[in-house]
1. If we sort B:568-578, B:150-160, A:96-106 on the protection proxy, mean other Cβ atoms within 10 Å, highest first, what's the order?
2. Could you check the spin-label model distance between A:Ser61 and B:Glu246? Points 7 Å from the Cα along Cα→Cβ, value in nm.
3. Counting partner chain Cβ atoms within 10 Å of every residue's Cβ in B:678-684, what's the average?
4. Using the Cα atoms as the points, what is the convex hull volume per residue of region B:66-191 in Å³?
5. In the full protein assembly as shown, how much of B:Lys181 is accessible to a 1.4 Å probe, in Å² to the nearest 10?
6. Counting residues in region B:51-133 as N, plug N into 2.2 N^0.38 Å and put the Cα Rg over that result.
7. Counting only protein heavy atoms and a 1.4 Å probe, tell me what percentage of region A:4-222's accessible area is made up of carbon and sulfur.
8. Please work out the ratio of the alpha-carbon Rg of region B:7-147 to 2.2 N^0.38 Å and round it to two decimals.
Amino acid sequence: MQPIHLENVQKNYFLDKVQVSALKGINLKIDAGEFTVIAGPSGSGKTTILNLIGCVDTASSGKVVVGGKETGSLTEKQLTDLRLHTIGFIFQSFNLIPVLNVIDNVEFPLLLQNKQSPKERRDQVMRFIDRVGLTQYAQHRPSELSGGQRQRVAIARALVTKPQIVLADEPTANLDSVTGQNIIDLMKEINATEKTTFLFSTHDHSIMNQARRIIRLLDGRIQE
Amino acid sequence: MTHWMVLKIAARNVFLHRMRTLVVGVILAFGAFLAVLGHSFVNGISGGMESSTTQSITGDIQIYSESAKDKLSVFGNMDGSPTDVGHVDSFESVEKALMKNPEIVSVVPMGTSFAQVNPGNILDHFLEKLRKSYKSANVDKNDIDSQKRRIRFLAQEIQKNLEGKFEEIGILSAADAAQAKINLEKVDQEEFWNDFDSNAENKIEFLANKIAPLIFDDNMIFFSYVGTDPQLFKEKFPQFEIVKGEMIPPGTRGFLFHDFFYENMVKHRIARRLDQIKKKMKDDKLTLANSKELQDQIKANVEQSAEIYLQLGPAETETVAQKLNKLLGTEEKDFRTLLKNYLSMSDENFQERYDFFYKEIAPYVILHRVQIGDVLPLSAFTKAGTSTAVNIKVYGTFRFKSFENSPLAGNFSVMDLVSLRELYGFMTDERREQNKEIEAEMGLDDVGRDSIENLFSSSTATKDIKPKAKPQTIDLKFQKRVMGATYTQEELTKGVFLHAAVFLKDTSNVDRVIKEINELSKSDKLGIKAVSWQDAAGFIGQMTFMMKAILNIFIGISLLLAGLMIMNSLLMAAMNRKQEIGTMRAIGAHAQFIYRLFFYETLFLSLLFGGIGAALGALLVVILGKVGIPASGDVATFFFSGPKLYLHLNPSLIFLVMAVMVIIAILATQYPAWKAMKISPLQAMQKRE
């Protein structure tokens, strides 16, 4: 059973009363533990696919199955729970909560899950902060960190719940190439050790080449 | 666990946006401060007004005739005129019916009214004394002679006073002025006094009618009084205590001044002003140099110095003049100038001269225009519009303990209900009997049967009085009638009353008992209706209600403003934090979480700043409760029920204010939080460079 399974998925939306087809019948299966890149020019539908898989958007038609659940049949609450327990997000602009320090930001999804004792939770948080190499910055606020450091915090936050799937929408776009490479290395390393399924979008060729599988998108269709 | 995180984020947001927090916080704090302080203040005032009203006149409930023309207002209408509430026929039967209600402790019958009395000026006073001396069993020739000398001296003083000023006095026509001059000269002649003893009655009459009015002082005293069962009144208003004189003896007609009124309105004007100046200097820290009010009082004393010199005899004038010259270090020969100099006081010499007044002058002057033991000629206009008069003995003065300085509690003087009924023409059996007696003796054809007022009304006045009835006889009977000094308890309880105070076991049951009384009155045909003390206090009862309403409007506006500002700032926060909120939602936060985030933020704000405001308000209330707020004038004294208002902090008020804060937080959160909940997790994907 694949963690991600898309079947003839279409996505239309309206832009000033004109219907735009962002996805025109996508069929896609991603296996557990894959490290996959979605590549394509701007407007090719990369982000739309990630949004559908990330359960923050719904398909116009077709079937989207994430973590064994068909998202079209889920309520808003169930979708939220699916995001909380199955998916980890890494954003292009990091999206840390500015008023919280590194520890609190990483702890945030664990608190929402509310499954562990405070001690267990705190240990896990520290382990992941250590994993992304930010132990000495644990008490810092996002505003006190560099872009690369922020994205590391975001990775720690995405991974701390040990999700089946990690989605990353152009995670290196706001970083210089060296830092971006470090982030990709980190993601690869985690993919190797934790067997987490990684799916991320990019239009950076140097990064694309490091992926085991590349899904090429053009005008809402897979070119593979 | 998430609550803690939410609170943390909320609190940090509050601190992050310091300016916004400060502005909203100050408004919130101000609202809470105003609520605590304002309510304590208004509660202090209304509590003071309530106790000084209920414990001095109204009781917990007032009852009066259900067919009354006006609504009962014991303090009268706004213009001071009494309200026409009709009367209820039998107090006894009403009381009996009401006392069956286990909540009712007692019922005190009443009738409140307003009187103006002219107790006469100093010459009237001396003449009255002289008249008595002539009538007394053992006539003391020496005493009478000294009194005559005293009166003659006074007449000379009056003459001196008017010398060269007859024309200036506008009240007198030229003819009257000429006549007054002749009369004064006549009194100055030896002849007038030579045959005084043999013709005393006429001479006294002449002095009283022709000379006394030339003193030209307006001596009218205006006051409100309540006719009641004095013994019951004393018992049921437990704060009641006699200050001067004695209690009206049971079954006796009599009058008691309220001591506050007596000391403020009946006292010798100069003494009263000196007292007031001293009090204001002490309580309000006013000085003669700076206070226009006090300067005016000093001026008035100087202008009315006649109040002193007309009251002093020749020997007394001599003594006081000597001491005054010594005090002032002058050798002024003219006593009037000397007196004026003395009365022109300043801050430096006020205390010394004040003490001098009470030590050296007060013993020679009449300190109170009506003295304990005097007979007060009360007159009233009856309902038919005619005037009746009752002479009633003043037994003393009273006050209500702990409301000594409350003008509200000092509003009413007390007299017996039987005399009040008579003043207002309500017949009693005894009066009907006496009426018949007088009727027979005077030989009048018909004296109205239902009302004593008819005795002197125009309809009977025009009727012939048969020649056998000499004026003296009528006078004699008149005296007998008005001085019929006693009454039986039965007479008192069986007769009519205008309204009555009802006391309850538990004052919190007022509304229920009012309902019960009104129902009972309907079923038993008692002809009464019951109202709360607030209603009975008329505009005074409404005033506290109005004050509360105005205060609440103010607080309401400031809190509404705070609420709107909170709402606005939250809405802005929701819009500015779209990505942050979207991120939280994408990571897995439920919409409920976002709602809580906003709610906690507002809750934090309102509790923190509301708490600060309430604490400051409470602190000020506690301080003011210790120090007291001084009343800065008669109006304030009236509202404060005394010279100072002491606030009490009601802990439940703090809880109430905090509860209101929470409600504001809830209300102000709804719309922005709803908007924030609608923010899609897609917002997290917004790309920002």
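1. A:96-106, B:150-160, B:568-578
2. About 11.4 nm, to one decimal.
3. For peptide B:678-684, the averaged partner shielding equals 4.
4. Hull volume normalised by residue count: 254 Å³.
5. 90
6. 1.62
7. Of all accessible area on region A:4-222, carbon and sulfur atoms account for 46 percent.
8. So the Cα radius of gyration is 2.16 times the expected 2.2 N^0.38 Å.
The values are calculated or read from the model by the stated rules, or taken from the named source; none is laboratory data. No experiment lies behind these values; they were computed from the predicted model shown. Note that we place each Cβ from the backbone using ideal geometry, even for glycine, and neighbour counts take in every protein chain shown. We work out accessible area using only protein heavy atoms, side chains counted, and drop any ligands, DNA or RNA first. Shrake-Rupley method; radii C 1.70, N 1.55, O 1.52, S 1.80 Å.
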